[in-house]
Amino acid sequence: MNKNSNTYQILYAAVMVLLVGSVLALIYMALKPKQDENIANDTRKQILSALHIAAPDESQVKETYEKYIIQDLLVDADGNIVDSAENVAFDVQMKANVKLSDTERKLPVMKCKMDDGSTKYVLPVYGAGLWGPIWGYIAMNEDGNTIYGANFSHEGETPGLGARIAEEEFQGLFQDKHLFQDGEFKNVVVLKKGQTATNGAEQVDALTGATITSRGVSDMLDDCLARYEGFLKKLQDKPQVEVPGEITNVVQPQ
């Protein structure tokens, strides 16, 4: 075949595309399990951070996570447990989940047993910031009312401004805040310093120079946490028992 002909050039290019494409596909398939595990470990570290558990060495992330997270749950709008299969909560993709209708939307819960014997419940949240998605995890005490810890992440918020939602200084403002006032659900709101929530809800100060991202965090919490009202009320209705260092509730999955 004439190597200078158009036919030869087209065939040569097609073969090279197929070869390179095949090699890249094989590399992707070989690396994907490791990539998926790295993503999963990053999520595990975010959940552990909401529980104030220091991020362990990379090789011990999964082991540490499985030590503290003792059960995955899916609950319905009334707070009833509808599934408790392994990883059923961890595997929920919140980006897609928040777009579902109210009847289709899943409500994942990660149940945690702390070193002092107390139980915490981690609730994932997902929303929108200024430049892209934001997400996080809220750890609740077993009284069903008090926030134990929070962790927030983002895809592309402005460094030094909206990106500060991922810093401990901002996340720490949510600790010990309450979601219920006089038995009524009133989600924690993020407001500019000096402003006051009109409904009596507890609040944290917004980030200076990051009004839209701060509002995004507030809207995210309102959209996601309000759906757990039934579950949180069930926690509040459980009898209290004493554990070392605090008074807590005990909830056993049905």
**OP:** Give GLU104, GLU86 a once-over and let me know the one that is out of contact with any strand residue (DSSP E or B) (no Cβ under 6 Å at 6 or more places or on another chain), more than 23 Å from THR146 (Cα to Cα) and in contact (Cβ under 8 Å) with a residue 12 or more places away in the chain.
**Re:** GLU86
**OP:** Answer with yes or no whether GLN71 is in contact (Cβ under 8 Å) with a residue 40 or more places away in the chain and either part of a loop (DSSP other than H, G, I, E, B) or not small (Gly, Ala, Ser) (or both).
**Re:** yes
Original post:
Out of all the residues in the stretch 133-156, which are part of a strand (DSSP E or B) and either of a type outside the set (A, V, I, L, M) or surrounded by fewer than 17 Cβ atoms within 10 Å (Cβ to Cβ) (or both)?
Top reply: PRO133, TRP135, GLY136, TYR137, ASN141, THR146, TYR148, GLY149, ASN151, PHE152, SER153, HIS154
**OP:** Among the residues of the stretch 44-63, write down those that are touching a residue at least 24 places away in the same chain (Cβ under 8 Å), outside any loop (DSSP other than H, G, I, E, B) and hydrophobic (A, V, I, L, M, F, W, C).
**Re:** ILE47, ALA50
Subject >> Residue, farthest from the chain's Cα centre (by Cα), within the stretch 157-196, restricted to residues that are part of a loop (DSSP other than H, G, I, E, B), closer than 22 Å to PRO133 by Cβ and among the polar types (S, T, N, Q) >> reply: THR158
Subject >> The listed residue being loosely packed, with under 10 Cβ neighbours inside 10 Å and within 30 Å of GLY144 (Cα to Cα), out of ALA54, ALA30 >> reply: ALA54
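Readers should treat all values here as calculations from the given coordinates under stated rules, not as data from a laboratory. Just so you know, these numbers come straight off a predicted model, no measurement behind them. With ideal geometry, Cβ positions are generated from the backbone for all residues, glycine too; neighbour counts draw on all protein chains shown.
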